[in-house]
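All remarks here apply to the structure that follows.
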4 protein chains.
Amino acid sequence: MRVVMRDDATLKQIGQVITLIENKGYQPFVVKDDKVTTICVPSIQDEKLFDEVMQIQGVKEALPFSKPYRLVSREFNASDTVIDVGDVPVGGKEIVLMAGPCAVESKEQLFTTAESVKKAGAKILRGGAFKPRTSPYSFQGLKEEGLKLLREAGREFDLKIVTEIVSPGDVELIAGYADILQVGARNMQNFSLLEQLGKIAKPVLLKRGMMCTIEEMLMSAEYIAAGGNPNVILCERGIRTFERHMRNTLDISAVPALKELSHLPIIVDPSHASGNDRYVPALALAGIAAGADGLIIEVHSCREEALCDGKQSLEPETFAALVEQLKRVAAAVNRKL
Amino acid sequence: MRVVMRDDATLKQIGQVITLIENKGYQPFVVKDDKVTTICVPSIQDEKLFDEVMQIQGVKEALPFSKPYRLVSREFNASDTVIDVGDVPVGGKEIVLMAGPCAVESKEQLFTTAESVKKAGAKILRGGAFKPRTSPYSFQGLKEEGLKLLREAGREFDLKIVTEIVSPGDVELIAGYADILQVGARNMQNFSLLEQLGKIAKPVLLKRGMMCTIEEMLMSAEYIAAGGNPNVILCERGIRTFERHMRNTLDISAVPALKELSHLPIIVDPSHASGNDRYVPALALAGIAAGADGLIIEVHSCREEALCDGKQSLEPETFAALVEQLKRVAAAVNRKL
Amino acid sequence: MRVVMRDDATLKQIGQVITLIENKGYQPFVVKDDKVTTICVPSIQDEKLFDEVMQIQGVKEALPFSKPYRLVSREFNASDTVIDVGDVPVGGKEIVLMAGPCAVESKEQLFTTAESVKKAGAKILRGGAFKPRTSPYSFQGLKEEGLKLLREAGREFDLKIVTEIVSPGDVELIAGYADILQVGARNMQNFSLLEQLGKIAKPVLLKRGMMCTIEEMLMSAEYIAAGGNPNVILCERGIRTFERHMRNTLDISAVPALKELSHLPIIVDPSHASGNDRYVPALALAGIAAGADGLIIEVHSCREEALCDGKQSLEPETFAALVEQLKRVAAAVNRKL
Amino acid sequence: MRVVMRDDATLKQIGQVITLIENKGYQPFVVKDDKVTTICVPSIQDEKLFDEVMQIQGVKEALPFSKPYRLVSREFNASDTVIDVGDVPVGGKEIVLMAGPCAVESKEQLFTTAESVKKAGAKILRGGAFKPRTSPYSFQGLKEEGLKLLREAGREFDLKIVTEIVSPGDVELIAGYADILQVGARNMQNFSLLEQLGKIAKPVLLKRGMMCTIEEMLMSAEYIAAGGNPNVILCERGIRTFERHMRNTLDISAVPALKELSHLPIIVDPSHASGNDRYVPALALAGIAAGADGLIIEVHSCREEALCDGKQSLEPETFAALVEQLKRVAAAVNRKL
């Protein structure tokens, strides 16, 4: 149920609605834009409650949700959500660039790359410390050592940090170092992990599973929001199709679709989508033109030596040149970069 | 085999190579850019011919092809091919817009739409007269009557005409009316049709089959080129995947991939890819940002009454507004519109 | 509309219904099982006709179709259709085996293979004379020469012939030699071809397009039936998915689904589905266990020398051994072989 | 590296190899069939070790692995692995049936169903206590209460228990109740979970992710085996494709493929593959015909009231009738049931 208050509803009336809902044992979620306050009770069977709520002065309407996702839906919040990652807003007029190596490998590698992406215009440093690898025999990441390097690099170059979490048990550890916790594609429906991420306040970057529909992605975001953490950034990173020329197929149409269905920010990952640095610039430009709020791009100061995914990483100079193109396309679609 | 001549090769030397190849019973294809002449013999088993060709003065190198597509490959022609559709170039610096209704339904419908798309900036009018429909009981198009209306509209509003061909027996008929013959997605591997299209000189717009790989698409283009018609325009129009929120999934990465692998122009069809007019603008903008040479977009002067695909057609005003955005994005990636 | 006559309806009453329908300008299709006669008018907009038909004595009910396919649907015909290919029934209790080489290459190859598959239990010889190849430079088949060899081999070893047709212009030619005309996966939605096949009486083997849905397959069968040829044999041959360990993914569930939705026979092609002779036996056994009416299997007397698809062809001895296993599984599911 | 000992190798020689490997800091895995002992060191970079091992008497050969999966590969173990679930062998000549409701809902529901599947021939009872649901608002399972009911039902009807685990933190809890721990499709690449399951000895039923390749599935099995738990049962349960008539597409060819590539048992889940009880029998029969070692089938004593997945559950009588058919097909392919 979502309860839309009238423009002239008083705080007291809003409070009455909330109290009524809480008294029935439900948890209300409230969103307020310039004028309108909306109160959402995501899961409700009690038909009578609709009538009871309508009795309260100041209530304009009480409606069921038309979709299985609720807190993350446009129905709940018609305005775009802007998530503040420290002083870096994600989802507003300004395009945000997240860049860095696939995995944190060494201080030198990380710092060189961090410096170059900062200089080029990135605001957020990416880098994996816990790596979900298909093979148990592959490099699994530097773990906490990697987190420490990330924090150090973030401080040194004034970059926020985004890094992946792979286990529900690591939430506290990683939240202690990172500004954004990333859920990788393979964990998009790891519901135990999503539940833990609902309990913290830090922003979560939720990557689309390569086998998951747009609706399933929103349901996974709903898990985090329903747990109490509304700070979810969606990320389209390519889906698995019959076409194998690229590693995955970037579903560019997910960008306008998610913008229509949800108020959450959506960014694009052209690196994992293509798995090929030669195609990254075209996909990055397409992403911004299609309406994405940002990009997450792999950049490695020494591609040939990368312990994972070197083939898809951009050289720092290529990244810098791409940012100049991105600025022009961003301006062409009335965004800033 | 492709034979690359030296920059200073004489016409006589080039002629010697061609004569040698012809004497062996092969058909040579020749391409010449500013300086370099390349002679291609697409299919050759005769290992000795490599040596014999190398004996001729002026030959720089004789190499096998690394890919199964040859005439349409970058290996054969490093320069972008520009196809002249009358006075409208496709594949050059200028972005070309093709627009119009899914099917030709009536003179009024076609003319109203044609006038509006011309005014907005389209150079080529699309419209189906022979419609490949999934059901034998659906509207199959006005056939020759539709072709006549297209030609009339083209003359009235100074627009070139692109229309679909579905049967090898219709090549002459349709080539008599249209400026570009379109091969639809379901016919991309209709090799009998492709063979007939290799025998004419008119440009062919080859749509990617919704189940076909990028390599298979280039092989189908090769069929037309090998038959003698080098004027092939490639068209990405969405592939079939598990995601059903959109009708198909626009494979935006096919744009940079085809640009890398082939010298042919590539355009994007956001209308069939999404099947939803609300997503067409985002996909159109993404297509140009990714490097496409043009767009083919469905526009209908009266969407509600469309006999097919009304849901994906743009209103004329929406199309006009989109063109303004496209101009800005085209400029941002150093193209003209 | 389908008109179901009462069990005691007279021929005169049936005739009245047919006359009424014809007078309205529609073509009626009639099916009769033990007791019930059903008259189908596949495409009808005229709501009044339902009422008028119901006025006729002997009419039990007049109902709209619930699916877009009609003549091929279970709604029209609740009994399984048995198609007689000469004296070989397809779709009855007996499992039918079609076997032979991918392409007809030479008399010796064809005759040796034909002899072996006949001996093992096949009733129908497969072999391609017109080959739809992805590359214009690949072997395209022996064409009419191949058809002649097929007819000769069929007569020599008392085998019916199934061979592929790729162009609407070839219907007459191929129907002059073959007992079953095969529509390959890439032509499943070649509607010009399907229309021509609707005009003949010979059975058509319709292969599922590798990215076509079950419903689309039935719509393509409907094209042939609506044209006047009810003798369509459906063939599941694998669809294209992300999994590439096999060439295609055999959609085994299409067998029970098509049996439920349609009265047409359905056979399975394990050779093209897997592209790998090692997996053919398991898929063939699974096909029969799942309820298929037959199999079409590639067998080559000399796999290593095959001009196409050698990797997926069985050796004659392997085929013979497989037939023994198939007999046991057929018996286990109450079928004969 | 895999070290194959000679048939006449002594225990002492085998011990020498193991000691050498351990001294180098690697963990050796040993498998022994009738005659041959093979020692596997899954991940090894040290080229010299090959030579050193070859110096030891009794070593026949030391070879690298050709595939990224090693402990679960046929290269390591040519014999089929039989996993003993108490006194129920999985992977031997006898087909094993696992059956029961999707979710444990109540004692009555579980016990009624358990009794009926036991009577029909099932040896293992399935039932979810921890349910991974797409929506946070759906029924999430009875959790430990459900586990207790499962154990009780297992004891009452002499059935082993298989139930799903969704979080690495629950391994100990669930292993305390269940005989087999199931990893669901969405968690196939939840590597944290796989790592924990490598630390126990209980059998793990590993379901294929709906968009995971056969190779990725084997890599996930390798995670568990590399952790020290060799008791992995593979389960094909349908993959996600463009076809939506069924919920998923059962990849029947995965059965012979996995049998070829791995020594682990493989079972088929026709219920989740089809999502439709009408198709379950055909898919179950196909699975056994294709060579599967068992089936896991949803059965619900009262389908209409099921809290999840009722549509795909069989009625107990339908299940019993299916088992009779399965017995005949099992016999036809030389298996027992």
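The values are calculated or read from the model by the stated rules, or taken from the named source; none is laboratory data. These numbers come from a predicted model, not from an experiment. Note that we place each Cβ from the backbone using ideal geometry, even for glycine, and neighbour counts take in every protein chain shown.
General observations
- Some residue of region A:126-138 being surrounded by fewer than 18 Cβ atoms within 10 Å (Cβ to Cβ), within 17 Å of A:V85 (Cα to Cα), over 16 Å from the mean Cα position of the chain (by Cα) and of a type outside the set (A, V, I, L, M): no
- Filter pass, D:Q57 being free of Cβ contacts under 8 Å to residues at least 12 places away in the same chain and outside any strand (DSSP E or B): no
- Condition check for A:L307: surrounded by fewer than 24 Cβ atoms within 10 Å (Cβ to Cβ) and not assigned by TED's automatic domain parsing to the domain that holds A:L194: no
- Qualifying residue in region D:186-197 (condition: closer than 21 Å to D:D87 by Cα and free of Cβ contacts under 8 Å to residues at least 40 places away in the same chain): no
- Here region D:56-75 is the region considered, the condition is being within 14 Å of D:M219 (Cβ to Cβ) and of a type outside the set (S, T, Y), and the residue that is surrounded by the fewest Cβ atoms within 10 Å (Cβ to Cβ) is D:K67.
- Filtered residue count, region D:67-102, keeping only those that are closer than 18 Å to D:A292 by Cβ and basic (K, R): 2
- Residue check, D:V96 of a type in the set (A, V, I, L, M), outside the structural domain of D:E305 (by TED's automatic domain parsing) and surrounded by 16 or more Cβ atoms within 10 Å (Cβ to Cβ): no
- Residue ID - nearest to A:L97 (Cα to Cα), chosen from residues in region A:155-169 that are in a helix (DSSP H, G or I) and in contact with a helix residue (DSSP H, G or I) (Cβ under 8 Å, 6 or more places away or on another chain): A:F157
- Exactly one residue out of B:T10, B:T19 is surrounded by fewer than 13 Cβ atoms within 10 Å (Cβ to Cβ) and free of Cβ contacts under 8 Å to residues at least 24 places away in the same chain, and it is B:T19.
- Of the residues making up region B:195-216, not one is more than 9 Å from every other protein chain (Cβ to nearest Cβ) and among the hydroxyl-bearing types (S, T, Y).
- Residues in region A:66-108 that are out of contact with any His (no Cβ under 9 Å at 6 or more places or on another chain), of a type in the set (D, E) and within 17 Å of A:K259 (Cβ to Cβ): A:E75, A:E94.
- Of all residues in region A:291-308, those being under 17 Å from B:V333 (Cα atoms) and touching a Phe, Trp or Tyr at 6+ places or on another chain (Cβ under 9 Å) number 0.
- Within region D:284-312, the set of residues being touching a helix residue (DSSP H, G or I) at 6+ places or on another chain (Cβ under 7 Å), of a type outside the set (D, E) and modelled with pLDDT under 95 comprises D:H300, D:S301, D:C302, D:R303, D:G310, D:Q312.
Yes/no matrix, rows are residues, columns are (1) surrounded by fewer than 23 Cβ atoms within 10 Å (Cβ to Cβ); (2) closer than 21 Å to B:G141 by Cβ; (3) touching a helix residue (DSSP H, G or I) at 6+ places or on another chain (Cβ under 9 Å):
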position: C:L181; (1), (2), (3): no, no, yes
position: C:N190; (1), (2), (3): no, yes, yes
position: C:L193; (1), (2), (3): no, yes, yes
position: C:L197; (1), (2), (3): no, yes, yes
position: C:K202; (1), (2), (3): yes, no, yes
position: C:N229; (1), (2), (3): yes, no, yes
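- For region A:327-337, a tally of residues being surrounded by 17 or more Cβ atoms within 10 Å (Cβ to Cβ) and part of a loop (DSSP other than H, G, I, E, B) returns 3.
- In region D:141-163, the residues that are buried (at least 19 other Cβ atoms within 10 Å of the Cβ) and either over 28 Å from D:Q325 (Cβ atoms) or of a type in the set (A, V, I, L, M) (or both): D:G141, D:L142, D:G146, D:L147, D:L149, D:L150, D:A153, D:L159, D:I161, D:V162
- Near pairs, Cβ below 9 angstrom, 6+ apart or cross-chain, from region B:80-99 (free of Cβ contacts under 8 Å to residues at least 12 places away in the same chain) to any residue that is not in a loop (DSSP other than H, G, I, E, B): B:D84/B:V90; B:D87/B:K160; B:P89/B:I83; B:P89/B:V96
- If the condition is being hydrophobic (A, V, I, L, M, F, W, C) and under 25 Å from D:S135 (Cα atoms), then region A:50-67 contributes A:F50, A:A62, A:L63, A:F65.
- A search for C-beta distances below 7 Å between a residue of region D:126-145 that is farther than 15 Å from D:E164 by Cα and free of Cβ contacts under 8 Å to residues at least 60 places away in the same chain and any residue that is surrounded by 18 or more Cβ atoms within 10 Å (Cβ to Cβ) and of a type in the set (G, A, S), counting only pairs 6+ apart in sequence or on different chains, returns D:P136/A:A226.
- For A:V204, the stated conditions do not hold, so it cannot be described as among the β-branched types (V, I, T) and in contact with an Asp or Glu (Cβ under 8 Å, 6 or more places away or on another chain).
- Residues (outside any loop (DSSP other than H, G, I, E, B) and more than 22 Å from C:A78 (Cβ to Cβ)) located in region C:44-54: C:E47, C:K48, C:L49, C:D51, C:E52
- Filtered by the rule that a residue be over 27 Å from D:K67 (Cβ atoms), of a type in the set (A, V, I, L, M, F, W, C) and without any contact (Cβ under 8 Å) to a residue 40 or more places away in the chain, region D:258-285 gives D:A282, D:L283.
- Filter result (assigned to a loop (DSSP other than H, G, I, E, B), under 14 Å from the mean Cα position of the chain (by Cα) and not small (G, A, S)) within region C:170-212: C:D179, C:M188, C:K202, C:P203, C:R208
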